[in-house]
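Note sheet for the following structure.
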Amino acid sequence: MTNYYQRCIAAHCRAEFDLDARLYVCSRCGGLLDIERREEIDSSTLREIWQQRRSSLDPRDRSGVWRFREFLPFTDDTQIVSLGEGNTPLYDAPRSADYCRLPQLKLKHQGCNPTGSFKDTGMTAAVTQARKLGARLVVCASTGNTAASLAAYAARADLLCAIVVPSGHVSHAKLAQALDYGAKVLEVDGNFDTCMNLIRELAEDESVYLVNSINPFRIEGQKTVAFELAEQLEWQVPDHLVVPGGNLGNSSAFGKGFRELMESGLIDRQPKITVVQAEGAAPFARFYNGTSQEGRLAPAVLDTFENEEHPQTLASAIKIGAPVSWQKAWRAVRETSGSVITVTEQEIADAKAIIGRDGIGCEPASATTVAGIRKLRIKENETVVAVLTGHVLKDTDYVINYHSQTLIAPDGIHLAGKFANAPIRIQSVKSVADILKQI
Ligand code: F0G
């Protein structure tokens, strides 16, 4: 018997459902669902157990998600679908720190997952649940990374997979991954939000399983990144955790992860969670700015959220105007006294180049974090971790355009690369020698 169940997050509803009820939102009120536990976990020996698993060869222990399985809603005999996700590095980033005028900055690089983005940590749980439910076909709407991740995990699980993407708005690398892993790729005229609406209608068919982050099992997998991060910091959580915001599943998952760690006594405080959005795709930031300090606790505030009809940003991963998980992300920001801020296209582009100069690299959406930290008021003795969500190779057109000074923002403005590093056309061997002397 499982100890877990699904519960509606709406304060006026709180309806409860079985773990295996195939729902994405509450069937009573339409609210988002959380996965909750009935009994407390005895956490007294967990740190040691998790540490010991690092040297085990069991595939569940090799995964940075399933290593923390005491907090996952699956029984011990579950056949997991894993690609060895998680176990991502936490880097010191001195150049990025300097750029943010901080003595120190750490970057948790979720782009080092098997398909190059943080989505894998959630997908392993969602596709495991899909198989458990006997789904025939797994589906998602995506700006590219969810698609690549789902395609890979579906292939591992031998499930049919279809993804719906906005035509012409997904980077070639992400599209290439999804095709290579054998997913049916359906390109739709419109943006991510159009795709999301479409896929939610399709998922009403019982044999289809939707694995966007509205699916609470995705959030369960992703929340373990908070566990891994806390462990990497020897259970001393940072003062600030900064994440990019698109559909707002990631910030929701960090909020849940840190809350559960705190409730079980594994940490004694939570980091302030700050969500950073691109200025042209920032419905969550607008909502945050429109609420007063006191208003944030009032239930009525939830009715004032407005979608962005025409989201615009070159950070295509987060070009989203109707984020499905905003209420969970709101809870994470509010509970941790965090904030929601925006950054410009120029700020994203320059921050991305600086992260590259640390020898780390990331995709544009991830660089919103460093761009945002530069704007946050952080005290000198406070510690900060930024979450890089995707790999630098996810969007090489953007990188080449930046360094060649040909990057154009959606509003037609040329983004001058302050840290551009253009390739040099060579005429003769002698000129190579001359250039090398001048470096
Ligand atoms: N960073 C990257 C690289 C992403 O791919 C995404 C989302 C985000 C940040 C935002 O995360 O949605 O949890 O707030 N990409 C989704 C996709 C929407 O379809 O791949 P979020």
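The values are calculated or read from the model by the stated rules, or taken from the named source; none is laboratory data. Treat the numbers as computed from the prediction; the structure is a model and nothing was measured. Cβ sites come from the backbone with ideal geometry, for glycine too, and all protein chains shown count toward neighbours. Each accessible area value is taken on the protein alone, full model and side chains, heavy atoms only, with ligands, DNA and RNA left out. Shrake-Rupley method; radii C 1.70, N 1.55, O 1.52, S 1.80 Å.
The relative contact order of segment 42-91 comes to 34 percent, based on Cα pairs under 8 Å that sit 6 or more residues apart.
Taken one residue at a time, the phi angles of segment 28-37 give Karplus couplings (6.51, -1.76, 1.60, θ = phi - 60°) of 8, 10, x, x, 5, 10, 10, 9, 10, 10 Hz. Gly and Pro are set to x. Beta bridges from DSSP with both residues in the chain: antiparallel share about 30 percent, rounded to the nearest 5.
Sorted largest first, the spans of the alpha carbon positions of segment 63-146 along the three principal axes are 51, 31, 17 Å. Accessible surface calculations at 1.4 Å, restricted to protein heavy atoms, place the chain at 43 Å² per residue.
Classified by the C-alpha gyration tensor, the chain has a rounded form. Its axis ratio a/c, with a ≥ b ≥ c, is below 1.5.
Dipole of the chain (Lys/Arg Cβ +1, Asp/Glu Cβ -1, origin at the Cα centre): which of G359, N145, C8 lies farthest to the positive side? In the chain, that residue is G359. Pairs of Cα atoms nearer than 8 Å and 6+ residues apart set the relative contact order; for the chain it is 15 percent. The residue among V301, A130, N401 whose Cα reaches farthest toward the positive pole of the charge dipole of the chain, with charges on the beta-carbon of Lys, Arg, Asp and Glu, is N401. Taking 7 Å steps out from each Cα toward its Cβ at I41 and Q293 produces label points 3.5 nm apart.
Cα centroid separation, segment 1-64 to segment 198-248: 12 Å. Short-range pairs are left out: with C-alpha atoms under 8 Å and at least six residues apart, the relative contact order of segment 278-434 is 20 percent.
Considering only C-alpha atoms, what is the centroid distance from segment 161-190 to segment 279-299, in Å? Spelled out, the Cα-based centre of one part sits 32 Å from the other. A simple rule links phi to the HN-Hα coupling: the Karplus curve 6.51 cos²θ - 1.76 cosθ + 1.60 with θ = phi - 60°, which for segment 213-226 gives 6, 5, 6, x, 6, 4, 5, 4, x, 5, 5, 5, 5, 5 Hz, with x for Gly and Pro. Taking the 1.4 Å solvent-accessible surface of the chain as the whole, the part contributed by carbon and sulfur is 49%.
Is the shape of segment 204-276 rounded, prolate or oblate, going by the alpha carbon gyration tensor and its root eigenvalues a ≥ b ≥ c, with a/c under 1.5 for rounded and a/b larger than b/c for prolate? Prolate shape, in that a/c is at least 1.5 and a/b is the bigger ratio. What residues have an amide H closer than 5 Å to that of S82, excluding those fewer than 5 places away on the same chain, when H is modeled at 1.01 Å from N in the peptide plane? It is none; the list stays empty.
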